[in-house]
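Working notes, structure below.
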Amino acid sequence: MRNVTKDNITDVFAAYFGEDTDPRTREVLVAMARHMHDFAREVNLTHDEWRKGLSMLEHAGRITTPERNEFVLFSDVLGMSSLVDMMHSNPDATSSSVLGPFHVSNPPRLEIGGDMKRDFEGKVLLVEGQVRDIEGNPIPNAELDIWQTAPNGLYSSQDEDQDIHSFHGLMNTDDTGHFKFTTVRPVEYTVPSDGPVGELLDAAGRHPWRPSHLHYIIKAPGFISLVTEVFPDDDPYLNQDTVFGVRDDLVMTYEDKPAGSFPEGLQLSGSVNEDYLYVKFDVTLAPSH
Ligand code: BEZ
Ligand code: FE
C-alpha cells in the first residue's frame, strides 16, 4: 500500500504480514495494533504525549535488572497482570493473584508447625489450612512456598538488615493435606514508586500501597500450580490495592486469640504466653488435565 492514511493504517499493518505467519501471532499483533491506533485517534494523541510514553518505557528499560522489572510493575499497576490471570483461572479453584518481585529462590524448609517469626517483634500469627482438590479431597504432600514482609514493611530482598531467607519458607502438607506455621502479621507496604511507574501513579493521582498479605505458590503433581495471596479483612487498603490483587475468596479474618490457648505441637508453643492472631486459609487446586 502506497497511500497510507490515518484511517487505513491498521489494515495496511495487517496486510504487511507474511502469508505463512502463525495465525495466533497474527491475531494478537493485529488486534494490538488496532487498539493502539484506535487509542491514538480517540484521544488525538500529540507528539509530546507519545514521546512521553516512549521515554517512560525507555526509563523502565534503563532501571530494569534481574531483581527489579519495571515492565512487570507497569503490567501490575495497569491491571494487566490481574486481568490476564483472572481470564485463565478455574472458577472452582482458589483465586490466583499477583506474584510480585520479592519471591526468593531456594527458601528454607519449614516443617509443619514451624516458625517464620524467629526473633522479629510483633504479635504471633498462627496460620493453618488444608489443600484440597475441587471435589474436596485432601492433597497430601502439596508444596507451599510462603513469603511476606517483615514488620518494617520490607521484604528480605529489599532490606540489608534481614537475611535473604527471613519470612520465606517451603512447607509440604501432611497426609491429610494440612499445613500450619507461625509468623507475624504482614504489614501493608508500597510498591517501588521511585521510577516511571511511580510517575504514572502520581499522574493518575494514585497511591502505591498494597494491603498486607501473605504470598503463596502452591504446587502438587497433577494440579495447576497456584500463585496467590491472603489478605486480612480489616486492612485499610483492601479496596484500593494498587496492583488489583484482591479477590473475595482471598480475604480472611485474622481472629484475636487469648493467651493460654496457643496449641501444643508448634515450634513456638513452649514460648508463647501472650495473645496471638489466628487465620485459617484453605486452598483448592484445579486439576492440570
Ligand atoms: C508484591 O505483592 O510483592 C508485589 C506485587 C506486585 C508489585 C509489587 C509487589
Ligand atoms: Fe507482596
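Read-outs throughout are calculated quantities, based only on the coordinates presented, and are distinct from any laboratory measurement. Quick caveat: nothing in here was measured; it's all calculated off a predicted structure. No Cβ is skipped: glycine too gets one built from the backbone with ideal geometry, and neighbour counts run over all protein chains shown.
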_Given (1) over 26 Å from residue 191 (Cβ atoms); (2) free of Cβ contacts under 8 Å to residues at least 24 places away in the same chain, identify the lone condition not met by residue 41._
(2)
_Test set (1) within 30 Å of residue 81 (Cβ to Cβ); (2) touching a strand residue (DSSP E or B) at 6+ places or on another chain (Cβ under 8 Å); (3) not polar (S, T, N, Q) - residue 276 fails condition number_ = (1)
_Unique residue being within 12 Å of ligand 1 (Cβ to nearest atom), touching a helix residue (DSSP H, G or I) at 6+ places or on another chain (Cβ under 9 Å) and on the phi > 0 side of the Ramachandran plot when the list is 244, 231_ = 244
*State which residue is nearest to residue 282 (Cα to Cα) when the search covers only the range 209-251 and only residues that are free of Cβ contacts under 8 Å to residues at least 40 places away in the same chain and within 16 Å of ligand 2 (Cβ to nearest atom).*
251
*asked:* Looking at the range 233-258 only, could you name the residues that are hydrophobic (A, V, I, L, M, F, W, C) and either under 16 Å from residue 93 (Cα atoms) or touching a strand residue (DSSP E or B) at 6+ places or on another chain (Cβ under 9 Å) (or both)?
replied: 238, 243, 246, 250, 251, 252
*State which residue pairs qualify: first residue on the phi < 0 side of the Ramachandran plot and inside the range 61-74, second residue among the acidic types (Asp, Glu) and part of a helix (DSSP H, G or I) in any location, beta carbons under 7 Å apart, and separation of 6 or more residues or different chains.*
63/70; 64/70
_Near pairs, Cβ below 7 angstrom, 6+ apart or cross-chain, from the range 98-115 (at negative phi and touching a residue at least 24 places away in the same chain (Cβ under 8 Å)) to any residue that is near ligand 1 (Cβ under 8 Å from one of its atoms) and among the polar types (S, T, N, Q)_ = 98/81
*Only one of (1) touching a Ser or Thr at 6+ places or on another chain (Cβ under 8 Å); (2) in a helix (DSSP H, G or I); (3) within 29 Å of residue 56 (Cα to Cα) fails for residue 245. Which number is that?*
(2)
*Scan the range 64-87 for residues that are buried (at least 17 other Cβ atoms within 10 Å of the Cβ) and within 16 Å of ligand 2 (Cβ to nearest atom) and jot them down.*
72, 73, 75, 76, 77, 81, 82, 85
*Please go through the range 252-262 and pick out each residue that is exposed (fewer than 14 other Cβ atoms within 10 Å of the Cβ) and in contact (Cβ under 8 Å) with a residue 24 or more places away in the chain.*
253, 255
*residue 274 fails exactly one of the following numbered conditions: (1) of a type in the set (Asp, Glu); (2) within 14 Å of the chain's Cα centre (by Cα); (3) assigned to a loop (DSSP other than H, G, I, E, B). What is the number of that condition?*
(2)
*For the range 173-189, state whether one or more residues are out of contact with any helix residue (DSSP H, G or I) (no Cβ under 6 Å at 6 or more places or on another chain) and under 19 Å from residue 77 (Cα atoms).*
yes
*Select the helices (runs of 4 or more DSSP H) contained entirely in the range 23-139, then report the ones holding at least 3 residues which are more than 16 Å from ligand 1 (Cβ to nearest atom) and farther than 30 Å from residue 289 by Cβ.*
23-43, 47-63
*State which residue is nearest to ligand 2 (Cβ to nearest atom) when the search covers only the range 88-137 and only residues that are surrounded by fewer than 18 Cβ atoms within 10 Å (Cβ to Cβ) and of a type in the set (A, V, I, L, M).*
99
_Please pick out the residue among 191, 197 that is touching a Lys or Arg at 6+ places or on another chain (Cβ under 8 Å), touching a residue at least 12 places away in the same chain (Cβ under 8 Å) and aliphatic (A, V, I, L, M)._
191
*Looking at (1) exposed (fewer than 11 other Cβ atoms within 10 Å of the Cβ); (2) in contact (Cβ under 8 Å) with a residue 12 or more places away in the chain, which is the one condition that is false for residue 7?*
(2)
